[in-house]
Amino acid sequence: MRRGMAEWGTICALLSFALAGTVALAAPASTSAPAFPDHPIKLIVPFGPGGPPDVAARIIGAYLSEHLGPVVVENRAGAGGTLAARYVASSPPDGYTLLAGTAGSLSISPQLYKNAGIDPLKEFTAVALVSSAPLVLAVQKSVPVRSVAALIAYAKANPGKLNYGAVIGTPPHLSGEMFKRITGANIVFVPYKSAAQATTDVVSGQMNMTFEGTTGISPFIKSGQLRALAVTSPHRIPDLPDLPTMDELGYRGMPPDSWQAIVAPAGTPAAIVDKINAIVNQGLATPELRGKIVGLGGEPQPESAADFAAFIVSQYKLWGDVIRITGVTLN
């Protein structure tokens, strides 16, 4: 009997050893899946350097670098942001290639360009909404008007004399066209490749007026180089509290604002999306990052990835309606 018990003990020991080996093989090795990220992330800006989207992307990119390791900001301008959008959409969905998306590149240009070749509602995963910026109607200081009504009257008395510049397929472009539609003012649109250059030209007097996000023109308004006439947001903004809204003045139907966000290729793992979203929202709650965005005239917009996804859908419809109303099309 004692011999039988000894043999049974040996068998149990062997079974325990074999089972342990089986469990070890079934469990994933800690080194088989490197923690994200293990190499630099690319944040693609769909417009040229120096403009509001680029400045905002570099601010958020610098913050991400502090918490995720190197984030390289890369400009890929062209076709209203659709070139960069297609590049990111076709990249591996691994979190290493992100798009610094805007209202222009995600809501306007895909519907404005006949051959855009991108469907943002299907080809991207929403990651994080960063900020919004109301659009301001401002004129160069030499333009002899001090109100929206006076601007409209001047434009009608001098058809084709006034002009405004903006990057094609952006909120400033479509806002200008909607303004013309609502008021009947004859104002000439001049296309630009860079928002920074468009702003520079209106400040210098080569252009007469602009619709631009507060991110890009608040400093010029405060310095007196541009004269702000109205803001497109539903409510007055803290940065320019004396500036009336277009709705207050009776010009309803203007698009409310522009916005900056981060999206990734469709299929990017939820764990990666949630990690980046949490870091962005954490940053937007800090005085340092929040202060930088507010200093540019933007308003931080911390949201969950799910809420941001719903926001993209609503914005796609909003700007689609603007395109249909204004009748703007591009090849």
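The values are calculated or read from the model by the stated rules, or taken from the named source; none is laboratory data. Predicted model only: the values in this text are computed from it and were never measured. Quick reminder, even Gly has a Cβ in these numbers, built from the backbone with ideal geometry, and neighbours come from all protein chains shown. These accessible areas exclude ligands, DNA and RNA; they are computed on the full protein's heavy atoms, side chains included. Shrake-Rupley method; radii C 1.70, N 1.55, O 1.52, S 1.80 Å.
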Tell me, yes or no, whether region 242-262 has at least one residue that is touching a His at 6+ places or on another chain (Cβ under 7 Å) and modelled with pLDDT under 95. no
Looking only at region 158-183, which residues are open to solvent by less than 40 Å² (accessible area, probe 1.4 Å) and in contact with a Lys or Arg (Cβ under 9 Å, 6 or more places away or on another chain)? 167, 183
Do you know which of the residues in region 203-224 that are touching a helix residue (DSSP H, G or I) at 6+ places or on another chain (Cβ under 6 Å) and within 19 Å of residue 150 (Cβ to Cβ) is surrounded by the fewest Cβ atoms within 10 Å (Cβ to Cβ)? 207
Looking at region 169-188, which of the residues that are assigned to a loop (DSSP other than H, G, I, E, B) and within 19 Å of residue 133 (Cβ to Cβ) is nearest to the chain's Cα centre (by Cα)? 170
Take residue 291 and tell me if it is in a helix (DSSP H, G or I), open to solvent by 20 Å² or more (accessible area, probe 1.4 Å) and not hydrophobic (A, V, I, L, M, F, W, C). yes
For residues that are outside any helix (DSSP H, G or I) and at positive phi, tally how many sit in region 32-82. 3
Being assigned to a helix (DSSP H, G or I) and under 16 Å from the mean Cα position of the chain (by Cα) is the filter here, so list the residues in region 294-305 that pass it. 294, 305
Any idea how many residues of region 189-225 are in a strand (DSSP E or B), hydrophobic (A, V, I, L, M, F, W, C) and over 15 Å from residue 297 (Cα atoms)? 3
Criterion: open to solvent by less than 20 Å² (accessible area, probe 1.4 Å) and closer than 30 Å to residue 59 by Cβ - qualifying residue of 129, 121, 151: 129
Helices (runs of 4 or more DSSP H) enclosed by region 93-167 - at least 1 residues per element that are in contact with a Ser or Thr (Cβ under 7 Å, 6 or more places away or on another chain): 109-112, 148-157
Can you give me the number of residues within region 184-202 that are buried (at least 17 other Cβ atoms within 10 Å of the Cβ), more than 16 Å from residue 218 (Cα to Cα) and touching a residue at least 60 places away in the same chain (Cβ under 8 Å)? 1
For the subset of region 35-57 comprising residues that are open to solvent by 50 Å² or more (accessible area, probe 1.4 Å) and under 24 Å from residue 269 (Cβ atoms), which member is modelled with the lowest pLDDT? 35
Would a scan of region 249-262 turn up a residue that is of a type in the set (S, T, N, Q), exposed (fewer than 15 other Cβ atoms within 10 Å of the Cβ) and not in a helix (DSSP H, G or I)? no
I need the full set of residues from region 294-331 which are closer than 14 Å to residue 261 by Cα, open to solvent by 60 Å² or more (accessible area, probe 1.4 Å) and of a type in the set (Val, Ile, Thr), in order please. 313
